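Here is the structure we will look at, set down as structure tokens.
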Amino acid sequence: MGNTSILIIEDDAEMRETLNDILSDEGYKVKTAGTGKEALALAKKELFPVCLVDLRLPDISGIAVLKGLKACSPDSSAIIITAFASKETAIEAIKAGASCYIEKPINMEELLATVKRTSEAYQLLEAKRRAEEELMINEEKYRSLVESTEDSVYLVDMNCRYLFMNEKHLSRLGLSSDQYQGRPYRAFHSDEDAKRFAKKVNYVFETGISAQHEYKDNEEQSFFKTLSPVKDPETGMVTAVTVVSKDITEMKRTDKELLETRDYLNNIIESSADTITVVDMKGIVRDGNKGGEGIMGYRADEAIGTPNRQFFPDPAEADRIMGLVQKKGVIKNYRTTVVRKDGKLIYVSMSAALLKDKNGVPIGTVRVSRDVTKEVELEKRVREERDNLNLIFESMADGVYSVSEDYKVEFMNKVLREAFGDHVGDICYEVFHERKEPCPLCKLSEVMRGLTVRWEWRSRWMNRIYDLIETPVINLDGRISKLTIFRDITKRKRAEEEIQKLNQELELKVVDLEAVTRMKTEFLSLTSHELRTPLTPMKAQLQMLEEGYKGIMSEEQRESIELVLRNLARLDKLIKDILDISRIEMGRIKLSFESMSINDAVKEAIKMQEPFADEKGIKIVARLAKLPAIVGDSERLRQVISNLVNNAIKFSEKATDVLVETQRVGEAVQFSITDYGIGISEEDKEKLFKPFSQIDSSMSRKRGGTGLGLAIAKGIIHAHNGKIWVESELGKSSTFYFSIPIKQRIREEEAPYIG
Amino acid sequence: MLLPSRKKKIGIMTETKTVMIVDDEPDVLLSVAQILEASNYRTIKAKDGYECIDKLGGEVPDVLLLDIMMPGLTSKEIIREIEKDRSLADIKIIFLTAVHSLEAEEEGLLASKQVIDFIEKPFTVRRMLDAIGKAIEI
């Protein structure tokens with residue numbers, strides 16, 4: 001039993017030591033106190049399940065000490081030691097909490113027995129209390145466990161009545177804690193489920209073995225319940241059943257999805273256009289999907305069980321592939337050729353992986369093959385086209401090269417190779433421009449963005465100008481390169497610039513020339529006017545002499561006067577013509593429009609010119625058609641016709657006819673006059689209508705005339721919106737034509753007066 | 001050239017008619033005067049616009065032969081002066097010039113009702129006498 005702490009409170013030192021020795025020998029842990037105060041102080045520090053108390057103490061009464069001890073540890077037992085036992089004292093002591101008393105002189109055996117009994121009683125009490133405490137803690141632990149779990153936990157009796165349920169289950173059933181006691185399971189579940197559940201509960205009750213129960217409520221929630229027996233620890237009989245109910249709705253759903261995913265994957269594999277085959281290590285086809293049929297022409301069941309060597313044109317290829325997969329574990333996009341069932345060769349891109357069993361031993365390969373025949377053919381065609389293009393580039397006189405996105409030269413055509421050497425693989429800016437970094441004008445980034453750039457590069461360094469076209473080209477592997485075509489346009493550019501400069505100079509000259517022409521015209525106009533003024537009194541005086549105003553003259557004198565007058569008339573005519581041509585050139589010719597008859601103008605002109613024709617023995621033949629009136633300046637048109645008739649007479653051979661005709665041609669009247677004279681050459685026709693550019697000035701002088709008549713005629717006809725031209729056969733005849741529209745389109749302010 | 005007809009004066013050429021000639025060229029002035037005087041006209045000569053206006057204050061001619069381009073007063077200004085004076089309203093004005101009639105018209109010289117003809121320089125004696133004769137007849 002031993003080691004129970006015992007406090008001895010005894011004022012008699014000898015007695016105290018004796019008791020101490022005896023109890024210590026018995027194995028108790030003993031402490032002693034000589035006074036009541038000392039005892040209480042010890043009791044406050046330490047627990048003493050058994051105290052031996054001498055009732056007669058020097059300081060405090062034994063009863064007071066007892067009370068004090070009880071206050072410190074109510075469970076402690078006190079044994080009173082008293083020399084004079086009186087009934088009153090004993091009762092008082094028991095009242096104060098003592099468990100028994102021993103009379104002095106002490107019978108040691110009795111004391112030891114009493115101490116032992118008291119000590120054992122205390123220890124029993126202590127053990128019981130500790131057990132109760134532990135139970136309480138355990139209960140709390142289980143309760144909190146039960147309450148904190150996500151699962152529903154409840155207890156049912158043999159009749160499936162609820163004995164307990166945790167918060168989770170309460171909230172699931174929508175109950176409060178005071179509502180469930182004694183209510184049956186079936187009140188909250190379907191009849192069918194309740195029946196099945198009851199069966200399971202019965203089973204647990206009868207066998208004492210746990211059971212499972214799955215249940216799906218009407219809201220599609222699934223629960224998995226574990227039923228465990230609660231056994232009486234003594235009898236081993238089942239007293240209740242605990243149920244742990246797990247919500248497995250989510251789990252079920254995930255399971256379903258997994259199943260569906262598996263189906264889905266199977267579907268994909270089955271419906272894949274690619275051939276998926278499983279080939280074992282011996283090269284025998286073990287599995288295959290339907291997709292294979294489309295590519296290879298074999299049904300899965302035709303291929304399964306056969307060696308895969310038969311599918312390759314070179315059976316050794318099957319071994320090679322197997323070797324590769326074994327070595328690397330996985331191969332990707334391996335290009336090979338296979339033979340279709342119909343014997344046709346097709347290109348496939350194959351990816352394959354090694355299959356291993358649980359122990360890591362290879363058991364086969366799974367292969368996915370895709371028909372890439374079209375791609376391969378396309379690539380071939382692209383490559384051929386590229387080769388063709390390269391051939392074209394090679395023969396071009398322009399420089400052609402391509403660089404990768406990291407400035408590496410990929411291609412140079414012949415022209416460039418001859419100029420720079422072969423630099424394929426070198427960095428473009430280093431070899432072409434002797435730079436350490438990309439050129440500032442480089443268009444690589446634009447081209448990489450997909451833009452085509454055309455620009456002009458003026459190299460000050462080389463003093464050349466280049467026309468560059470830079471464009472992205474996509475390589476077979478998808479990379480983009482910059483293709484540059486450039487042409488030396490230095491010569492062309494220089495020429496263009498030269499032409500531009502010349503044009504500018506010419507423009508300036510034209511401006512100058514226009515000013516000069518205007519000045520010339522104005523000068524002519526002014527001088528002509530000034531020339532006429534002195535002519536006026538000269539003519540007047542000579543006429544007076546000729547008319548005899550100043551007396552009678554001899555015949556010789558008169559001839560002299562007439563000669564001067566004739567030349568004066570010529571001079572006057574010249575001045576008048578110059579004035580006219582000046583007006584025409586300045587655009588200042590004024591016409592007096594009226595309704596008029598061309599035929600009348602022709603008749604008048606012929607009448608005026610007839611004496612002159614007669615002199616040369618020339619007959620003027622007129623063939624005048626009936627014509628509508630036109631709108632025109634009759635005086636000016638008569639001047640034109642007179643001039644043409646006069647010219648015709650002048651250039652006619654003697655005694656020939658001059659033919660004058662008028663006719664209507666469409667919406668115009670046309671005049672023509674033909675002479676049978678020297679004719680006009682083609683080149684002269686051009687000059688004919690230009691002022692001061694006589695075909696032959698000496699001829700003109702000889703025949704009389706100013707050389708301005710046709711230029712004036714042209715000006716006048718043009719002012720009538722008409723045309724004037726000449727047709728001629730050199731040495732035979734010339735015909736001058738003009739035509740004037742019958743209806744004039746004249747601006748409002750120039751509207752003719754039509755009488 | 002025919003100009004619109006005016007109020008016709010009926011009269012017989014019995015008395016001597018007066019023609020004022022205005023021209024800055026003395027030779028022209030002299031020649032014209034000689035031609036007219038030989039045909040029994042009385043002439044007044046003026047070498048420019050100022051002299052013309054001045055002399056018109058002294059005597060009113062029947063016909064005024066007026067040069068178009070002269071220094072000093074322009075013919076336009078002379079006509080404006082004449083039109084202002086009611087006593088000069090009967091004077092017939094004939095232009096005598098090297099300028100083309102259409103250009104003169106453009107200048108607005110033919111606008112005046114008193115301007116009745118236009119003789120281009122150099123003129124013929126016949127043209128001059130015809131023009132004056134017609135002017136007197138009106």
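The values are calculated or read from the model by the stated rules, or taken from the named source; none is laboratory data. For clarity, every value in this text was computed on a predicted model and none was experimentally measured. Backbone-built Cβ (ideal geometry, glycine too); neighbour counts: all protein chains shown. The accessibility values were calculated without ligands, DNA or RNA, using every heavy atom of the protein model including side chains. Shrake-Rupley method; radii C 1.70, N 1.55, O 1.52, S 1.80 Å.
Search segment B:86-111 for residues that are more than 24 Å from B:GLY133 (Cβ to Cβ) and pair each with any residue that is at pLDDT 75 or above and in a loop (DSSP other than H, G, I, E, B) when their beta-carbon atoms are under 6 Å apart and the residues are at least 6 apart or on different chains.
B:LEU102/A:LYS590
For residues that are away from chain B (no Cβ under 11 Å) and either open to solvent by 80 Å² or more (accessible area, probe 1.4 Å) or not in a helix (DSSP H, G or I) (or both), tally how many sit in segment A:574-592.
Adding up the residues that qualify gives 3.
Inside segment A:145-160, can you point out the residues that are within 21 Å of A:GLN181 (Cβ to Cβ) and small (Gly, Ala, Ser)?
Residue satisfying the conditions is A:SER152 alone.
Conditions (1) in the same structural domain as A:GLU92 (by TED's automatic domain parsing); (2) in contact with a Gly (Cβ under 7 Å, 6 or more places away or on another chain); (3) closer than 20 Å to A:LYS116 by Cα, marked per residue:
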residue: A:GLU38; (1), (2), (3): yes, no, no
residue: A:PRO49; (1), (2), (3): yes, no, yes
residue: A:ILE60; (1), (2), (3): yes, yes, no
residue: A:ILE63; (1), (2), (3): yes, no, no
residue: A:SER77; (1), (2), (3): yes, no, yes
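So which residues in segment A:531-559 are open to solvent by less than 60 Å² (accessible area, probe 1.4 Å), more than 9 Å from every other protein chain (Cβ to nearest Cβ) and part of a helix (DSSP H, G or I)? Outline the logic, then answer.
Of the residues in segment A:531-559, the ones open to solvent by less than 60 Å² (accessible area, probe 1.4 Å) are A:532-533, A:535-537, A:539-546, A:548, A:551, A:553-554.
Next, from what is left, pick out any that are more than 9 Å from every other protein chain (Cβ to nearest Cβ): A:542, A:545, A:548, A:551, A:553-554.
Those that are open to solvent by less than 60 Å² (accessible area, probe 1.4 Å), more than 9 Å from every other protein chain (Cβ to nearest Cβ) and part of a helix (DSSP H, G or I): A:LEU542, A:LEU545.
Could you please find all residues in segment B:46-82 being among the charged types (D, E, K, R) and either surrounded by 14 or more Cβ atoms within 10 Å (Cβ to Cβ) or more than 21 Å from B:ALA135 (Cβ to Cβ) (or both)? Lay out the reasoning, then the answer.
Initial filter on segment B:46-82 (among the charged types (D, E, K, R)): B:47-48, B:51, B:54-55, B:59, B:62, B:67, B:76-77, B:80-81.
Selection gives B:LYS47, B:ASP48, B:GLU51, B:ASP54, B:LYS55, B:ASP62, B:ASP67, B:LYS76, B:GLU77, B:GLU81.
Exactly one condition in (1) loosely packed, with under 15 Cβ neighbours inside 10 Å; (2) within 31 Å of the chain's Cα centre (by Cα) is false for A:ILE427; which is it?
Among (1) loosely packed, with under 15 Cβ neighbours inside 10 Å; (2) within 31 Å of the chain's Cα centre (by Cα), A:ILE427 violates only (1).
Within segment A:615-660, can you find the residues that are of a type in the set (Val, Ile, Thr) and within 13 Å of A:SER672 (Cα to Cα)? Talk me through it step by step, then tell me what you get.
Residues of segment A:615-660 that are of a type in the set (Val, Ile, Thr), as a first pass: A:618, A:620-621, A:630-631, A:640-641, A:645, A:649, A:656, A:658, A:660.
Once the filter is applied, which keeps residues that are of a type in the set (Val, Ile, Thr) and within 13 Å of A:SER672 (Cα to Cα), segment A:615-660 yields A:ILE620, A:VAL621, A:VAL640, A:ILE641, A:VAL645, A:VAL658, A:VAL660.
Looking at segment A:183-225, which of its residues are under 16 Å from A:PHE164 (Cβ atoms) and touching an Asp or Glu at 6+ places or on another chain (Cβ under 9 Å)?
Result: A:TYR185, A:VAL201, A:LYS225.
Kindly check whether there is at least one residue in segment A:179-187 that is more than 60 Å from the chain's Cα centre (by Cα), part of a helix (DSSP H, G or I), surrounded by fewer than 11 Cβ atoms within 10 Å (Cβ to Cβ) and charged (D, E, K, R).
Checked segment A:179-187: no residue is more than 60 Å from the chain's Cα centre (by Cα), part of a helix (DSSP H, G or I), surrounded by fewer than 11 Cβ atoms within 10 Å (Cβ to Cβ) and charged (D, E, K, R).
Any residue that is within 14 Å of chain A (Cβ to nearest Cβ), under 30 Å from A:LYS590 (Cβ atoms) and modelled with pLDDT under 90 - is there at least one of those in segment B:74-90? Spell out how you get there, then give the answer.
The first filter runs over segment B:74-90 and keeps only residues within 14 Å of chain A (Cβ to nearest Cβ), leaving none.
No, segment B:74-90 has no match at all.
Being open to solvent by less than 40 Å² (accessible area, probe 1.4 Å) and more than 21 Å from A:LEU57 (Cβ to Cβ) is the filter here, so list the residues in segment A:20-35 that pass it.
Residues satisfying the conditions are A:GLY27, A:TYR28.
Residues in segment A:434-454: is at least one modelled with pLDDT under 85 and surrounded by 12 or more Cβ atoms within 10 Å (Cβ to Cβ)?
No - not one qualifying residue is present in segment A:434-454.
Which condition does A:ASN166 not pass, out of (1) over 30 Å from A:VAL243 (Cα atoms); (2) open to solvent by less than 50 Å² (accessible area, probe 1.4 Å), if it passes all the others?
(1)
Look through segment B:26-45, keep the residues that are among the small types (Gly, Ala, Ser) and closer than 20 Å to B:SER75 by Cβ, and return whichever of them is farthest from the other protein chains (Cβ to nearest Cβ). Quick ask: steps written out before the conclusion?
First, pick out the residues of segment B:26-45 that are among the small types (Gly, Ala, Ser): B:31, B:33, B:38-39.
Filter once more, keeping what is closer than 20 Å to B:SER75 by Cβ: B:31, B:33.
On the way: B:SER31: 4, B:ALA33: 10 Å.
That would be B:ALA33.
Collect the residues in segment A:334-352 that are out of contact with any Phe, Trp or Tyr (no Cβ under 9 Å at 6 or more places or on another chain) and buried (at least 16 other Cβ atoms within 10 Å of the Cβ), keeping them in residue-number order. Lay out the reasoning, then the answer.
Of the residues in segment A:334-352, the ones out of contact with any Phe, Trp or Tyr (no Cβ under 9 Å at 6 or more places or on another chain) are A:334, A:342-347.
Across segment A:334-352, the qualifying residues are A:TYR334, A:ILE346, A:TYR347.
Could you tell me whether any residue of segment A:616-625 is under 18 Å from A:VAL640 (Cβ atoms), open to solvent by 40 Å² or more (accessible area, probe 1.4 Å), in the same structural domain as A:SER528 (by TED's automatic domain parsing) and not hydroxyl-bearing (Ser, Thr, Tyr)?
Checked against the condition, which is being under 18 Å from A:VAL640 (Cβ atoms), open to solvent by 40 Å² or more (accessible area, probe 1.4 Å), in the same structural domain as A:SER528 (by TED's automatic domain parsing) and not hydroxyl-bearing (Ser, Thr, Tyr), segment A:616-625 yields no hits at all.
When only residues in segment B:5-25 that are modelled with pLDDT under 90 and within 12 Å of chain A (Cβ to nearest Cβ) count, which is nearest to B:LEU73 (Cα to Cα)? Let's see the steps before the verdict.
Taking segment B:5-25 and keeping what is modelled with pLDDT under 90, we get B:5-16, B:24-25.
Narrowing further to those that are within 12 Å of chain A (Cβ to nearest Cβ): B:24-25.
On the way: B:ASP24: 11, B:GLU25: 15 Å.
Filtering first and then ranking leaves B:ASP24.
If we scan segment A:472-482, do we find a residue that is among the β-branched types (Val, Ile, Thr), open to solvent by 50 Å² or more (accessible area, probe 1.4 Å) and assigned by TED's automatic domain parsing to the domain that holds A:GLY399?
Keep residues of segment A:472-482 that are among the β-branched types (Val, Ile, Thr), which gives A:473-474, A:480.
If we keep only those that are open to solvent by 50 Å² or more (accessible area, probe 1.4 Å) as well, we get A:474, A:480.
Now restrict to residues that are assigned by TED's automatic domain parsing to the domain that holds A:GLY399: A:474, A:480.
Scanning segment A:472-482 turns up at least one residue that is among the β-branched types (Val, Ile, Thr), open to solvent by 50 Å² or more (accessible area, probe 1.4 Å) and assigned by TED's automatic domain parsing to the domain that holds A:GLY399.
Is one or more of the residues making up segment A:611-629 within 19 Å of A:ILE716 (Cβ to Cβ) and more than 13 Å from every other protein chain (Cβ to nearest Cβ)?
Of all residues in segment A:611-629, those within 19 Å of A:ILE716 (Cβ to Cβ) come to A:627, A:629.
Those still in the list that are more than 13 Å from every other protein chain (Cβ to nearest Cβ) too: A:627, A:629.
Yes: segment A:611-629 contains one or more residues that are within 19 Å of A:ILE716 (Cβ to Cβ) and more than 13 Å from every other protein chain (Cβ to nearest Cβ).
From (1) among the polar types (S, T, N, Q); (2) crowded, with 17+ Cβ neighbours inside 10 Å; (3) within 55 Å of the chain's Cα centre (by Cα), pick out the condition that doesn't hold for A:THR242.
Only one criterion in (1) among the polar types (S, T, N, Q); (2) crowded, with 17+ Cβ neighbours inside 10 Å; (3) within 55 Å of the chain's Cα centre (by Cα) is unmet by A:THR242, namely (3).
If you check A:ALA655 against the conditions, is it in the same structural domain as A:ALA613 (by TED's automatic domain parsing) and closer than 18 Å to A:HIS718 by Cα? Even if it seems obvious, please write down each step before you answer.
Working: in the same structural domain as A:ALA613 (by TED's automatic domain parsing): yes; closer than 18 Å to A:HIS718 by Cα: no.
Criteria not met by A:ALA655.
Look at A:SER528 and say whether it is out of contact with any strand residue (DSSP E or B) (no Cβ under 8 Å at 6 or more places or on another chain), within 14 Å of chain B (Cβ to nearest Cβ) and of a type in the set (S, T, N, Q).
Numbers: out of contact with any strand residue (DSSP E or B) (no Cβ under 8 Å at 6 or more places or on another chain): yes; within 14 Å of chain B (Cβ to nearest Cβ): yes; of a type in the set (S, T, N, Q): yes.
Against the criterion (out of contact with any strand residue (DSSP E or B) (no Cβ under 8 Å at 6 or more places or on another chain), within 14 Å of chain B (Cβ to nearest Cβ) and of a type in the set (S, T, N, Q)), A:SER528 qualifies.
How many of the residues in segment A:289-333 are within 25 Å of A:ILE268 (Cα to Cα), under 45 Å from the mean Cα position of the chain (by Cα), of a type in the set (Gly, Ala, Ser) and open to solvent by 20 Å² or more (accessible area, probe 1.4 Å)?
4
So that you can scan it fast, the table gives a plain yes or no per residue for (1) under 26 Å from the mean Cα position of the chain (by Cα); (2) open to solvent by less than 30 Å² (accessible area, probe 1.4 Å):
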| site | (1), (2) |
| --- | --- |
| A:VAL403 | yes, yes |
| A:LYS414 | no, no |
| A:HIS423 | no, no |
| A:ILE465 | no, yes |
